[in-house]
1. Please determine whether any residue of the range 112-135 is in a helix (DSSP H, G or I) and touching a residue at least 40 places away in the same chain (Cβ under 8 Å).
2. Name every residue in the range 46-80 that is among the β-branched types (Val, Ile, Thr) and in contact with a strand residue (DSSP E or B) (Cβ under 8 Å, 6 or more places away or on another chain), in order of residue number.
3. Considering only residues of the range 179-202 that are in a loop (DSSP other than H, G, I, E, B) and within 14 Å of the chain's Cα centre (by Cα), which is nearest to Ile237 (Cα to Cα)?
4. Report, ordered by the first and then the second residue, all pairs with beta carbons closer than 6 Å, sequence separation of six or more or different chains, a first member in the range 52-78 that is under 14 Å from Glu18 (Cα atoms), and a second member that is of a type in the set (Val, Ile, Thr) and outside any loop (DSSP other than H, G, I, E, B).
5. Can you say whether Thr125 is β-branched (Val, Ile, Thr) and closer than 19 Å to Val169 by Cβ, as far as the supplied structure shows?
6. Would you check which residues across the range 99-140 are buried (at least 17 other Cβ atoms within 10 Å of the Cβ), at pLDDT below 95 and in contact with a Phe, Trp or Tyr (Cβ under 7 Å, 6 or more places away or on another chain) and list them?
7. Of these, Lys14, Lys65, which one is among the basic types (Lys, Arg), more than 21 Å from Leu170 (Cβ to Cβ) and at pLDDT 95 or above?
8. Output yes when any residue across the range 80-98 is surrounded by 19 or more Cβ atoms within 10 Å (Cβ to Cβ), over 20 Å from Ile17 (Cβ atoms) and of a type in the set (Lys, Arg), and no when none is.
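The values are calculated or read from the model by the stated rules, or taken from the named source; none is laboratory data. This one's a predicted model, so the numbers in the text were calculated from it and none came from an experiment. Glycine gets a Cβ as well: all are built from the backbone with ideal geometry, and neighbour counts include every protein chain shown.
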Amino acid sequence: MSDSIVIIPTYNEKENIENIIRYVFSLPKSFHVLVIEDNSPDGTAAIVKSLMEEFPNQLYIEERKGKLGLGTAYIHGFKWALERSYDFIFEMDADFSHNPDDLERLYNACKVDTADMAVGSRYITGVNVVNWPMGRVLMSYYASAYVRLVTGLSIRDTTAGFACYKRKVLETMDLDKIRFTGYAFQIEMKYTAIKLGFEVKEVPIIFTDRTLGESKMNKSIFTEAIFGVMQLRFKKIRPRS
């Protein structure tokens, strides 16, 4: 039994999903994987199910009825993990933009160091992004600067989607009150953790844009992040009762 579960949301990731799962299971440290599958028409779920026969009690899938958003996928996964005995719960993309080799570094930041939540940060040591056009790099970098200005957070990479949570962080949060679904979800989770008194540490990573499959980024996701930040300033955050 592993103490760690990696949650990977998927929608049309047939080009990546088998490789990312096999990579995680090849790491020296034992991780389990939970795929949150949003009814991909490309057969992603079938690939995962075939691998479950090879990796029993390590690989799991939760299937949903449609494309319901990144934030709700992670909330679903968090609740699933909390119902079981995992002490460290991870967010990671399916497309290799997050290097699975960094999972253990995030784990150590929480297990060995003092962090309650560890964030794989593209911007803590400059700009560590590969294969993005300059316009998108600047948009992401200055979006994080905007978030810091509005919320007062000191985190450099506020929209990062590669993270490790100690169990107690997710247990303390009222996950039903997390309202955003796109990049704003990532901001809201960090903001909530810090407001509840948890230590959030950034771990430098190199982010490499996907080479297979299609990006899920769109204008509405970015707009939600920009305007959602303003609403966070006025959100009352309390522990789950």
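1. Taking the range 112-135 as the starting set, the residues that turn out to be in a helix (DSSP H, G or I) are 134-135.
Now drop any that are not touching a residue at least 40 places away in the same chain (Cβ under 8 Å), which leaves none.
Within the range 112-135, none of the residues are in a helix (DSSP H, G or I) and touching a residue at least 40 places away in the same chain (Cβ under 8 Å).
2. Of all residues in the range 46-80, those among the β-branched types (Val, Ile, Thr) come to 47-48, 61, 72, 75.
Result: Val48, Ile61.
3. Phe180
4. Leu59/Val33; Ile61/Val35; Ile61/Val48
5. Values: β-branched (Val, Ile, Thr): yes; closer than 19 Å to Val169 by Cβ: no.
No: the conditions fail for Thr125.
6. Arg122, Tyr123, Val129
7. Numbers: Lys65 fails: at pLDDT 95 or above.
Testing whether each residue is among the basic types (Lys, Arg), more than 21 Å from Leu170 (Cβ to Cβ) and at pLDDT 95 or above leaves just Lys14.
8. So far as the range 80-98 goes, no, none of its residues is surrounded by 19 or more Cβ atoms within 10 Å (Cβ to Cβ), over 20 Å from Ile17 (Cβ atoms) and of a type in the set (Lys, Arg).
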